[in-house]
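Below is one structure, written out as structure tokens; the observations come after it.
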Amino acid sequence: MAAVIECRELTKRYRGTTALAGLDLTVEAGQVFGFLGPNGAGKTTTLRILLGLVAATSGHAWVNGRRIPDPGGLAGVGAMIEEPSFYPWLTGRRNLDLLALSGARPPASGIAAALDLAGLTGVADRKVKGYSQGMRQRLGLAAAVIRQPALLLLDEPTNGMDPAGIREFRTLLRRLAGDGTTVFLSSHLLAEVAQVCDQVARPRHGAGACGRRPRRQRSSRPGRGLGQPDRSGAGRAGRRVPATDREPGGHRCGCSALS
């Protein structure tokens, strides 16, 4: 299966502080891939490098087969990095209208479909200043998918969501993966990635990454997105794949994916 993200010895330093050191990572198409670690582990830094927002100090990264910072590699990529920001005096729908003006125009139904996917259709015409944090997170997700990306990069996307919203979000991610979207999800919550991700990589204090299949995994039935929680409870069988990630110190570690 083709790799949509590759990192080799990726390193980032800020004025003597190492935020990321020697990250080796491979993400295959069609996965929900979890990037698990505490604050300061280099998760957001990695996402910023992949999006060309900051330059790596050393090492290389490829997105969709293009070496970053080649803009061609970012075509078909949607992202939500940290807490999304919007114009508070505009409605959710109008914020998405303005975002759609930058870059390639989304499909005519793209904004309505994104709002429906994120479960915001009923509040789309309310001003964002009246949104809760969880609703703003949902709007950030809608902004990331208005152009129907093949690769979705999400940084702590469930911050501020209540437990029901988090369950619904898991269902949405599985639906996106079932439709062929690759999801790269960063989180500091083990339970979150264990229940939705096919494969998990764990950077250790900003150095390297160890990949593995989560111990527990639930599949999701197709749904309309948020508002369609997973009630199947079905498990997914795992299969071994070649090791692609490396732990700090040069040790190899096996990665598992779900079939």
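The values are calculated or read from the model by the stated rules, or taken from the named source; none is laboratory data. Just so it is clear, the model here is predicted, and its values are computed rather than measured. Note that each Cβ is placed from the backbone with ideal geometry, even for glycine, and that neighbours are counted across all protein chains shown.
Given the conditions (1) at pLDDT 90 or above; (2) not assigned by TED's automatic domain parsing to the domain that holds residue 19, which single one is not true for residue 55?
(2)
So for the range 109-119 (the condition being in contact (Cβ under 8 Å) with a residue 40 or more places away in the chain and farther than 20 Å from residue 181 by Cβ), does at least one residue qualify?
Within the range 109-119, not a single residue is in contact (Cβ under 8 Å) with a residue 40 or more places away in the chain and farther than 20 Å from residue 181 by Cβ.
Can you find a residue in the range 144-161 that is crowded, with 16+ Cβ neighbours inside 10 Å and part of a helix (DSSP H, G or I)?
yes
Does residue 105 satisfy being surrounded by fewer than 13 Cβ atoms within 10 Å (Cβ to Cβ) and either in the same structural domain as residue 16 (by TED's automatic domain parsing) or not aliphatic (A, V, I, L, M) (or both)?
Details: surrounded by fewer than 13 Cβ atoms within 10 Å (Cβ to Cβ): yes; either in the same structural domain as residue 16 (by TED's automatic domain parsing) or not aliphatic (A, V, I, L, M) (or both): yes.
Criteria met by residue 105.
Just to be sure before I move on: is residue 114 over 24 Å from residue 190 (Cβ atoms), assigned to a helix (DSSP H, G or I) and not charged (D, E, K, R) in the structure I sent?
yes
Hey, among 151, 141, 117, 173, which residue is closer than 24 Å to residue 31 by Cβ and in contact with a Cys (Cβ under 9 Å, 6 or more places away or on another chain)?
So the residue among 151, 141, 117, 173 that is closer than 24 Å to residue 31 by Cβ and in contact with a Cys (Cβ under 9 Å, 6 or more places away or on another chain) is 173.
Collect the residues in the range 45-101 that are of a type in the set (A, V, I, L, M, F, W, C), part of a helix (DSSP H, G or I) and touching a residue at least 12 places away in the same chain (Cβ under 8 Å), keeping them in residue-number order.
47, 49, 50, 74, 96, 99, 100 - these are the residues of the range 45-101 that are of a type in the set (A, V, I, L, M, F, W, C), part of a helix (DSSP H, G or I) and touching a residue at least 12 places away in the same chain (Cβ under 8 Å).
State yes or no: is residue 134 modelled with pLDDT under 90, outside the structural domain of residue 187 (by TED's automatic domain parsing), surrounded by fewer than 22 Cβ atoms within 10 Å (Cβ to Cβ) and closer than 20 Å to residue 174 by Cβ?
When the stated conditions are applied, residue 134 passes them.
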